[in-house]
1. With +1 on each Lys and Arg Cβ and -1 on each Asp and Glu Cβ, and nothing else charged, work out how big the dipole of the range 4-95 is about its Cα centre, in Debye to the nearest 20.
2. Counting Lys +1, Arg +1, Asp -1, Glu -1, what net charge surrounds S590 among other residues with beta carbon under 11 Å of its beta carbon?
3. So, with +1 on the Cβ of K and R and -1 on the Cβ of D and E, and no other charges, what is the size of the charge dipole of the chain about its Cα centre, to the nearest 20 debye?
4. Compute the length gained on full extension between D472 and R502: take 0.36 nm times their separation in residues and subtract their Cα-Cα distance, giving the result in nm to one decimal.
5. So if we plug the beta-carbon distance of F109 and D213 into 1/(1 + (r/R0)^6) with R0 = 51 Å, what FRET efficiency do we get, rounded to 0.05?
6. I'd like the antiparallel share, as a percent to the nearest 5, of DSSP beta bridges with both residues in the chain.
7. Quick check: with the 1.4 Å probe, what order do K8, K668 take by accessible area, largest first?
8. Can you give the calculated 222 nm mean residue ellipticity of the chain, where each DSSP H run of n ≥ 4 adds -39,500 (n - 2.57) and the sum is split over every residue, rounded to the nearest 500 deg cm²/dmol?
Amino acid sequence: MIESKKVKKILYGGDYNPDQWPEEIWHEDMRLFKKAGIDVVTLNVFSWAMLQPSEDVYDFSKLDKIMDLVRENGIKVCMATSTAAHPAWMARKYPDILREEKDGLKRRFGARHNSCPNSPTYRKYSVALATKIAERYKDYDNIVAWHVSNEYGGECVCENCAKAFREWLKDRYKTIEKVNEAWNTSFWSHTFYDFEEIFPSDFRTEEFHYYLDGSPRTNFQGMTLDYTRFNSDSILECFKLERDALKKITPDIPVTTNLMGWYKGLDYNKWAKEMDFVSWDNYPNYNATNAEPASFHDVIRGLGGGKPFCLMEQTPGVTNWHKYCRLKRPGVMRLWSYQAIAHGSDTVMFFQMRRSQGACEKYHSAVIDHVGTEDTRVFREVTELGEELKNIGDRILGTRINSKVAIVADWENWWACEMSAGPTNLINYISEIMVYYTALYNQNIPVDFVGADDDISKYSLVIAPMLYMNKDGYDEKVRNFVNNGGCYLTTYFSGYVDENDRVILGGYPGKQKDILGIWVEESDAIPPDESNCFIYKGTEYPADILCDVMHLQGAKEISTYEKEFYAGTPVLTKNKLGDGTVYYVGTRSSEEFYATFLRDICEELFIEPVLNAPREVEVTCRENEDTRFIFILNHKDTSSEVRLKKPGTDILTGIEYKADDIVKLDKKGVAIIESRK
Ligand code: GLA
Ligand code: ZN
């Protein structure tokens, strides 16, 4: 879609459900789409029941009409396969398609994203449907992408999943002895003698609700980790089966499925590698920090290897499912659309085009509201942005973000560190990532996200917050990176375990002690109403969540704890290894600390902000060989000013600027400064 020759501009449109409406309405939709500058629609996301009314009957008559109408109107199509919600008749006839939840509840027909990934019925009929759709519409040259299913997620522990889990384990471990070793089953008399003795990890086996706060816990992290991997792989297999069926018929149409940013349930590091391009749905809460959606965009871009991604969905006005469905204030839809582009999106797409009349999304906003006319604030804002995107044309498409800093974000690590029983309930992987990300974001220093398996050699600074799991070869990669001059920063609760959640013996952090030049002997959990502290460059900062009690083994201390029996022992350290440097942060501190500490590290490494800007004014840069686009986004409710370094022209207003000129932005204003390199 986004690298296709068929695309000459930032595609603008989104989920369109004409099958919910009578035909007269469709023509009015076409008129309104043209008016708003809509040039792409995502069709057919939830139409399985319409397309296959019974086992042997397929009926494409309505979809044919819709496809023809859309093509006649010059609108491109992101074509979904409709497999995210199975038909009721299928559930009645083939109950194996229904999921069984972790508490043993076997679902009846209902909701969506509801099929068991190991159901033979689901696999057979989802692939059959994708195949039929591809065969029928393969010659529609306005199809720019395949959109398989929708927001995959959830879990199943049914009999078919149990069988498939055993096969998955045989494939991974070969022998039952190896499974026992990986899961440490000599603990609590858990030794398995036959794969048939194993069931998925759920609330009938190893999981339970922790009696103090109800949070889910497991007795056997190794097993739960493997079940989580298996579940992600099972669902991924469904995606791959449909993808391969589509590819056979239309090898040149790229295939995606819409991801959900920091969605924990699926191993996106693995999933993204199976997709032609990565796409995702952005629904920030009204009180989200500006850094939150920015981090989502960056993580998605990282999953796609740094290539432009696709903003598949956002609401033009309001969602129906937030706790408080606040309206996007005037200018915010535009601002957030440009924020997506500023972080690497080559599309701006909405859920949804026309607000539905019934069921749970009827109060979710749409380009066309219940009033049915163009006379709404949301429609006017959509139209104005449509006009701007038309004028921008293809200029930005394909440009990249060049970051010198990478943050490691690894899904398997996320699962493992939050599954741990101890050392504290306050372990939260994404919030640990976010304190580092936010400090860099607030300074307008671009950040890439990389998985633990990805190459890091091109970066100057790699930050690995709470990288609890040391995957095979990871420490060696970091050792080489640092020896070759890289700067590495990691934190408390890092490097403890291998891929099976078995502790790497010999003192924490196992294989990374020589890199960090320290040994962590113990870690003190700090309850939420208490705090330790340390002094960095004359200012006192808090030490929360965990305080590592460590010994220097080559590293130098930068700061020490002020309180407790470990007062005077190191909390922040710096080590030299080969040509590089390694920092260790043995605790969680405050936003002010990270701002200062990371500014100092970046200065030392000559990593500069794209531009210096006031707080809440975001600046990013997308570029290709000869051109640079500086995005300046004013998130404030007041006007703002930013000084440019180089001359350039604002492609939204045509205003030309000289070096050192000041760009003035209205509240929620945006500038995109194009300059030759
Ligand atoms: C998700 C789904 C859409 C719709 C929107 C509503 O992103 O993909 O089908 O439910 O949420 O916000
Ligand atoms: Zn199942």
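The values are calculated or read from the model by the stated rules, or taken from the named source; none is laboratory data. Note that the coordinates shown come from a computational prediction; the quantities given were computed from them, not determined experimentally. Positions of Cβ are generated from backbone atoms using ideal geometry, with glycine treated the same way; all protein chains shown enter the neighbour counts. Quick note on the areas: whole protein, heavy atoms, side chains included, nothing else; ligands and nucleic acids left out. Shrake-Rupley method; radii C 1.70, N 1.55, O 1.52, S 1.80 Å.
1. Charge dipole of the range 4-95: 580 debye, to the nearest 20.
2. Value of the local net charge: -3.
3. Using Cβ point charges on Lys, Arg, Asp and Glu, the chain gives about 1620 debye.
4. Result: 9.6 nm gained on full extension.
5. 0.90
6. 55
7. I get K8, K668, largest accessible area first.
8. Result for the chain, helices only: -9000 deg cm²/dmol.
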